[in-house]
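The values are calculated or read from the model by the stated rules, or taken from the named source; none is laboratory data. Everything quoted here is computed from the prediction, not taken from an experiment. As a convention, Cβ positions derive from the backbone with ideal geometry for all residues, glycine included, and neighbour counts pool all protein chains shown.
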Amino acid sequence: MYTLHMNPFSFFSRRVVALLAQCDVPHELQVVNLMAGEHRSDAFLALNPNGQVPVLVDGDLALAESNAILRHLCNSNALGEWYPAEPDVRAKVDQWLDWTQVRLSAATSSIVFNTLFAGDRADDAAIAKGKELLATLTPILEAALSRSAYVVGQAPTIADLAIFSCYSQLALVQMRPDTPSISRWYDDIAALKGVVRAEGLMADAMAA
Ligand SMILES: N[C@@H](CCC(=O)N[C@@H](CS)C(=O)NCC(=O)O)C(=O)O
């Protein structure tokens, strides 16, 4: 059985929880308390020397990097509908996963970490830069989603889960773009049972 080391406030973690729960892949969650520095313990660094969640553990395999985990779960559990095998379609899913990681996740981290979690260490310049980057990304996603129901075609893929996780994180600081196609798509993805589970974990952690 998989163990996912994660934190409910981590949008990189939630995208993985969403896929596991959506596809009924047996797993257990191990919450890593980032505020208490558990991700810097020797035991955790042995799993991921980068000291970050999520990490998926399966026997001898300890796999970090959320999008690599998403791909691995699809490849190992025959979840072809979430990561289609047809080369041109898969390439577009990969393109959006990389877009998410390099552009949208970076903007999201800068904005949300510095607004909500950094406390005294908050970097206003990073927030401004993140907002500037986000403003360039929104029209790109809006245009894509005005052409098809999901970022790649007419069914959701792991790229949608990755992108959604960023937008739900941005919602924490009222920065989720609400252009028409993005809003329609956001509501659609938010209703997936795996996403309901992943987002519910954050809501529960917030209420605790
Ligand atoms: N590229 C990594 C990013 C993971 C990441 O930034 N995780 C954050 C939580 S959202 C973390 O563990 N931060 C703790 C730290 O960097 O000290 C991924 O996609 O998994």
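Here are some notes:
- Some residue of region 50-62 being outside any loop (DSSP other than H, G, I, E, B), without any contact (Cβ under 8 Å) to a residue 12 or more places away in the chain, surrounded by fewer than 19 Cβ atoms within 10 Å (Cβ to Cβ) and more than 11 Å from the ligand (Cβ to nearest atom): yes
- You will find that of L70, L45, the residue that is in a helix (DSSP H, G or I), within 12 Å of the ligand (Cβ to nearest atom) and in contact with a Gly (Cβ under 7 Å, 6 or more places away or on another chain) is L45 and no other.
- Qualifying residue in region 2-14 (condition: surrounded by 14 or more Cβ atoms within 10 Å (Cβ to Cβ), aromatic (F, W, Y) and away from the ligand (no atom under 12 Å from the Cβ)): yes
- Inspection of region 85-97 identifies at least one residue that is among the basic types (K, R) and either closer than 23 Å to V25 by Cα or away from the ligand (no atom under 14 Å from the Cβ) (or both).
- Inter-residue pairs, beta-carbon under 9 Å, first without any contact (Cβ under 8 Å) to a residue 12 or more places away in the chain and over 15 Å from V195 (Cα atoms) and in region 13-42, second assigned to a helix (DSSP H, G or I) and among the hydrophobic types (A, V, I, L, M, F, W, C), 6+ apart: M35/F117; E38/F44
- Filter pass, D88 being in a helix (DSSP H, G or I) and at pLDDT below 95: no
- In region 92-117, the residues that are part of a helix (DSSP H, G or I) form Cβ pairs under 7 Å with partners that are among the hydroxyl-bearing types (S, T, Y) and at pLDDT 95 or above, at six or more places apart or across chains, as follows: V93/Y83; V93/T157.
- The set of residues in region 15-35 that are more than 13 Å from the ligand (Cβ to nearest atom) and in a loop (DSSP other than H, G, I, E, B) comprises C23, D24, V25, P26.
- Per-region count, region 30-46, residues surrounded by 19 or more Cβ atoms within 10 Å (Cβ to Cβ) and aliphatic (A, V, I, L, M): 1
- When residues of region 98-132 are limited to those that are of a type in the set (K, R) and within 14 Å of the ligand (Cβ to nearest atom), the one surrounded by the fewest Cβ atoms within 10 Å (Cβ to Cβ): R121
- Subset of region 145-166 (residues that are part of a helix (DSSP H, G or I) and without any contact (Cβ under 8 Å) to a residue 24 or more places away in the chain): R147
- Residue among E81, E38 that alone is of a type outside the set (G, A, S), away from the ligand (no atom under 12 Å from the Cβ) and on the phi < 0 side of the Ramachandran plot: E81
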